[in-house]
Amino acid sequence: MWLSFYNPKAVGDILMLMSADIDQKSLGIETLSDVTRLYNKKTNETVGYNIHRISHYMGIEGCGHVILTADQVDQLNQLLYEQGFETIQYESKPRIVVGKVLACEEHPDSDHLHVTKVELGEEGVQQIVCGAKNIEAGLTVVVALPGAVMPNGQVIWSGTLRGVESYGMICSAYELGLDPEYEKIGIMSLSDDISAGTPFDKIKGLL
């Protein structure tokens with residue numbers, strides 16, 4: 001999952017691409033022409049690209065997290081290929097969706113975390129660690145999948161919490177930007193008649 005960001009006022013005419021959480025301690029950088037590759041020095045895995053002078057190659061609409069068209073991705077991949085870098089597999093599928101909590105157990109190494117199994121539509125059933133007190137099996141919830149960009153700019157990646165793998169985050173109304181005063185504690189529960197995998201943007205206006 002690749003994410004794209006563009007903020008010409010703050011950063012300059014640079015399109016930033018990310019495919020994973022970047023650890024600054026193990027980050028390597030190499031630049032050829034207008035392309036800077038960011039990679040993990042331990043594994044040599046590419047975790048990002050900075051495309052300098054992006055307006056020379058294409059027009060980018062919006063600021064912050066931007067969605068690229070198929071033609072723009074083709075142009076980027078041609079540029080990466082010409083410099084000998086790996087091309088990217090870019091998807092624009094919704095990354096914040098409805099989920100159904102199928103199972104919920106206590107985390108083996110925590111007194112407040114829970115390990116859940118959540119049905120996510122096309123994403124299948126995934127394991128997600130959740131710290132909310134009101135999480136339980138049977139709930140219909142909102143899940144930020146790996147690659148989701150939250151309203152506050154936070155990017156969600158898969159990872160581990162106290163040794164247990166977690167695929168994304170089960171969200172509260174505050175995290176979704178629906179409760180700015182943080183009045184509703186815990187994860188947000190939805191009506192059971194909403195199908196797993198439904199994009200959050202389709203139901204946001206009804207909440």
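Here are the numbers for the structure shown:
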quantity: Estimated 222 nm signal from helices in the chain, with DSSP H stretches of n ≥ 4 weighted -39500 (n - 2.57), rounded to 500; calculated: -2500 deg cm²/dmol
quantity: Point-charge dipole on Cβ atoms (K/R +1, D/E -1) for region 126-207, about Cα centre, debye to 20; calculated: 160
quantity: Histogram of C-alpha separations across the chain, 10 Å bin width, %; calculated: 8, 30, 31, 22, 9, 0
quantity: Proximal lysines to LYS42, defined as alpha-carbon separation beneath 22 angstrom and excluding residues fewer than eight positions away on the same chain; calculated: LYS25
quantity: Length-normalised contact order for the chain - Cα pairs under 8 Å, 6+ apart - percent; calculated: 16
quantity: Per-residue SASA entry for THR87, accessible area with 1.4 Å probe, Å² rounded to 10; calculated: 70
quantity: Cα-based Rg of region 92-176 normalised by 2.2 N^0.38 Å, two decimals; calculated: 1.01
quantity: Average projected area [Cα convex hull, region 150-207], square nanometres; calculated: 5.1
quantity: Per-q log10 I(q)/I(0), region 1-81, q = 0.24 Å⁻¹ (Debye; single scatterer per alpha-carbon; no solvent); calculated: -1.26
quantity: On Cα atoms only, tilt of 70-82 relative to the major axis of the chain in degrees; calculated: 50
quantity: Solvent-accessible surface ranking, highest first, for SER4, SER33 at 1.4 angstrom; calculated: SER33, SER4
quantity: Solvent exposure ordering (accessible area, 1.4 Å, most first) of TRP157, TRP2; calculated: TRP157, TRP2
quantity: Segment GLU136-SER33, extension gain: residue separation times 0.36 nm, minus the distance between their alpha carbons; calculated: 31.9 nm
quantity: In Å², nearest 10: area of LYS41 left accessible to a 1.4 Å probe; calculated: 120
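The values are calculated or read from the model by the stated rules, or taken from the named source; none is laboratory data. Quick caveat, the model's predicted, so the values are computed rather than measured. FYI the Cβ positions are ideal-geometry reconstructions off the backbone, even for glycines, and counts take in every protein chain you see. Surface accessibility is based on the protein's heavy atoms, side chains included, excluding ligands, DNA and RNA. Shrake-Rupley method; radii C 1.70, N 1.55, O 1.52, S 1.80 Å.
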